[in-house]
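Notes to accompany the following structure.
The values are calculated or read from the model by the stated rules, or taken from the named source; none is laboratory data. Owing to the predicted nature of the structure, the values given are computational and were not obtained by experimental measurement. Here the Cβ positions follow ideal geometry from the backbone for every residue, glycine too, while neighbour counts run over all protein chains shown.
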Amino acid sequence: MIKPILMQGNEACIAGALAAGMDFFAGYPITPSTEIAELAAERLPARQGRFIQMEDEIASMGAIIGASLTGRKAMTATSGPGFSLKQENIGYAAITEVPCVVVNVQRAGPSTGIPTAPAQGDVMQARWGTHGDHPVIALSPSSVAETFDLTFRCFNLAERFRTPVILLLDEIVGHMREAIVLPAVETLELVHRLRPSGDPAKYIPYDAPLGASAPMADFGSGYPYHVTGLTHDREGFTTAKPSEVEFLIRRLASKIEMNLEEILQWEELQVEDADILLVAYGATARSARAAMKQARGKGIKVGLFRPMTIWPFPEEALRQVAIGKQVIVPEMNLGQLALEIERVVHKDITTVTQVDGEPLKPDKILAAIYNLAGTGKGV
Amino acid sequence: MGSVAHNYLRTSKMPHIWCPGCGNGIITQALLKAIDQLQLDPQKIVVVSGIGCSSRAPGYLDFNTLHTTHGRALAFATGVKHGNPDLTVIALTGDGDCAAIGGNHLIHACRRNIDITTVVFNNNVYGMTSGQFSPLTPVGSYATTAPYGNIDRSFDLCQLSQAAGASFVARSTTYHANHLKDMIVSALQNKGFSLVEAMTHCPTYFGRRNRIGGPVEMLKQQQEQGVTVQAAARMTPEELTGKYLIGELHNQPLPEFCEQYQQVIAKAGGAR
């Protein structure tokens, strides 16, 4: 029988990345993500991969983009302040369509905040942190095992859609240890970016219809081309021609919008008969599940909707599930994803927020459930 | 018959964006002549730049070209070189891009001695944003953000790079175009981090405001101010006032980063 292994979330992140074919990591030390860089430094060279500790967070982001352009599967990992510093180059990767994975182990902010304390305050930053309209994919795991799965998936999505993909971990899941069974390597389906073939003279690096990307050549593979963060035409060269600019920005967004079925992932627990629906993600979803069980024990019909894909948000699925239910959104922030959820379900929702650097515990969610169910306290 | 440089240009992307009289074309030509002289494989060349007038050069060059974010050329270039050490990686950057916003990346690229050849187009001013002072603007010069004269002391970028650990450092000027080409040839031959500071002229935003004159006068100034290392050795400190050294200023072979990393791979048991 396969024996479960005790593993930390940050370690599962590296394990998932290596399983996905990560062969380049650039990083900068920051709590609570540092174990990811440390493990990359240890494990990558043993398999011919490459690690580099850069001089700062900005450089780490630049380095993984540069490495990805040579054909590598590249990742960096950071936390709050470092995530802020990476934003400009995340936008660069988005407009130049360079696949890469950015892990953000969320900690209490703003600014230096509490480096060792959990939070979910970067949810909106993951969506809108870099300037301008741009595509984003962000995934958020709730367990150590799922950290492996979703990190693996981040690479596949990055390669498939030629876009930066963000893994929104939090300090709880990142530092938590759980026994997990790693999937057998042969069961994992690896995605590799499309690369050009045929006559290099005919290679047009950004020639793709809405919803798609063109094949991407590795630097040095005989398909020389130009990459720029300026708005560019199909050949990759600078343009300010309104029709070309408009097409580019819309095509970038459409890569996500037109492929939602492939990207969206969520879990529904006991939603069929539920009167009250909890919507929670990351570490908070664990407390929500505990609160759900306790409430059910008291005869209150509670269900859980748990998005693993945060951006794009699984809005159609939630809209359907939320029909006829009262909605509670617990988050370790002042109500960020709640804004999106309110927009989606189009009715008043109840938020349970916490920003004290402590995990949001089941009791607090339970209190909101009792309140909504009209059962009063002390049930 | 055109210059050999024409063989490496994306002529369909011309005309370029540089002003009449700009020195950037001279530096670009020197680079292309150096590449031609060394017969480097164009398919294996990656030219990386940041933001600014000089950083627009790669768009006109028929290699793998990467126009990145402001100041970050060397961070991206480091990823490219470490990602595939078989590539010839060249960074083109300006005085603002390299010495101000990109200063941290510069000193650390020097320190790692990673095999990247960096050519700094030093025109003493932010040209793209129309004439603000940079860390390489001389004290007392005028700029749009120094309307009463610049009080910030300027870096000696060559000394800075040498102190930070670059294994090859040289300076030349757009007046000394062939000499500049020779310096870039030597830089490309160095297995390690090389920096060539190319003194150039911005008649539009620096020459005019500082009453130096047009491109011809600015080139003459380079002729007068640029003194070869050999000539300087015979000159008194008084004679060297207001001059700067040109030529090979530092050449000290050192272990190169990517080669060192091969040893890391071997130690980790990853060597094939």
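Residues that are buried (at least 21 other Cβ atoms within 10 Å of the Cβ), part of a loop (DSSP other than H, G, I, E, B) and not hydrophobic (A, V, I, L, M, F, W, C) within region A:90-114 comprise A:GLU97, A:PRO99, A:GLY109, listed in sequence order.
Identify the residue in region A:58-89 that is over 25 Å from A:SER221 (Cα atoms) and surrounded by fewer than 22 Cβ atoms within 10 Å (Cβ to Cβ) and, among all such residues, is nearest to the other protein chains (Cβ to nearest Cβ). Here the answer is A:GLU88.
Counting only residues that are touching a residue at least 40 places away in the same chain (Cβ under 8 Å) and either assigned by TED's automatic domain parsing to the domain that holds A:ALA67 or farther than 18 Å from A:GLY132 by Cβ (or both), which one in region A:215-238 is surrounded by the fewest Cβ atoms within 10 Å (Cβ to Cβ)? For region A:215-238, the residue satisfying everything is A:SER221.
Yes or no, residue by residue, for (1) among the hydrophobic types (A, V, I, L, M, F, W, C); (2) farther than 30 Å from A:LEU337 by Cα; (3) touching a helix residue (DSSP H, G or I) at 6+ places or on another chain (Cβ under 9 Å); (4) modelled with pLDDT of 95 or more:
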site	(1), (2), (3), (4)
A:ASP170	no, no, yes, yes
A:PRO183	no, yes, yes, no
A:ASP199	no, yes, no, yes
A:TYR206	no, yes, yes, yes
A:LEU210	yes, no, yes, yes
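Residue count for region B:37-52 satisfying the condition of being more than 9 Å from chain A (Cβ to nearest Cβ) and in contact with a strand residue (DSSP E or B) (Cβ under 6 Å, 6 or more places away or on another chain): 5. Residues considered: B:ALA34, B:ALA30, B:ALA75. Of these, the only one that is facing another protein chain (nearest Cβ under 9 Å), crowded, with 21+ Cβ neighbours inside 10 Å and within 19 Å of the chain's Cα centre (by Cα) is B:ALA75.
Residues that are of a type in the set (S, T, N, Q), within 10 Å of another protein chain (Cβ to nearest Cβ) and in contact (Cβ under 8 Å) with a residue 40 or more places away in the chain within region B:79-116 comprise just one, B:THR88.
If you go through region B:61-72 and keep only what is more than 7 Å from every other protein chain (Cβ to nearest Cβ) and surrounded by fewer than 24 Cβ atoms within 10 Å (Cβ to Cβ), you end up with just B:HIS70.
Exactly one residue out of B:ALA109, B:ALA166, B:ALA187 is within 30 Å of B:PRO85 (Cβ to Cβ), touching a Gly at 6+ places or on another chain (Cβ under 8 Å) and buried (at least 24 other Cβ atoms within 10 Å of the Cβ): that is B:ALA166.
Listed by position, the strands (runs of 3 or more DSSP E) inside region A:132-235 whose residues that are more than 14 Å from chain B (Cβ to nearest Cβ) and in contact with a Cys (Cβ under 8 Å, 6 or more places away or on another chain) number at least 1 are A:137-139, A:164-170.
Since A:ILE95 meets every condition but one in (1) under 16 Å from the mean Cα position of the chain (by Cα); (2) under 26 Å from B:THR68 (Cβ atoms), which condition does it not meet? The one condition A:ILE95 does not meet is (1). Look at region B:1-19: where a residue is more than 12 Å from chain A (Cβ to nearest Cβ) and a partner is β-branched (Val, Ile, Thr), sitting 6+ places away or on another chain with Cβ atoms under 8 Å, you get B:ALA5/B:THR28; B:CYS19/B:THR204. Count of region A:236-268 residues, restricted to those that are over 23 Å from the mean Cα position of the chain (by Cα) and more than 8 Å from every other protein chain (Cβ to nearest Cβ), is 11. Checked against (1) facing another protein chain (nearest Cβ under 8 Å); (2) of a type in the set (Lys, Arg); (3) more than 16 Å from A:ALA63 (Cα to Cα), B:ARG56 passes all but condition (1). Can you find, within region B:251-272, the residue that is farthest from the other protein chains (Cβ to nearest Cβ) among those that are assigned to a loop (DSSP other than H, G, I, E, B) and in contact with a helix residue (DSSP H, G or I) (Cβ under 7 Å, 6 or more places away or on another chain)? Going through the qualifying residues, I end up with B:ALA271.
Close contacts from region B:123-140, counting a first residue that is assigned to a loop (DSSP other than H, G, I, E, B) and a second that is surrounded by fewer than 17 Cβ atoms within 10 Å (Cβ to Cβ) and among the basic types (Lys, Arg), with Cβ to Cβ under 7 Å and a gap of 6+ residues or different chains, come to B:VAL139/B:ARG153.
Can you name the residue in region B:222-234 that is surrounded by fewer than 12 Cβ atoms within 10 Å (Cβ to Cβ) and free of Cβ contacts under 8 Å to residues at least 24 places away in the same chain and, of all such residues, is nearest to B:PRO138 (Cα to Cα)? Going through the qualifying residues, I end up with B:GLU224. Looking only at region B:150-198, residues that are out of contact with any Pro (no Cβ under 9 Å at 6 or more places or on another chain), basic (Lys, Arg) and within 20 Å of B:CYS258 (Cβ to Cβ) come to 0 in all.
From the list A:ILE341, A:ILE310, A:ILE276, the lone residue that is touching a Ser or Thr at 6+ places or on another chain (Cβ under 6 Å) and touching a residue at least 60 places away in the same chain (Cβ under 8 Å) is A:ILE310.
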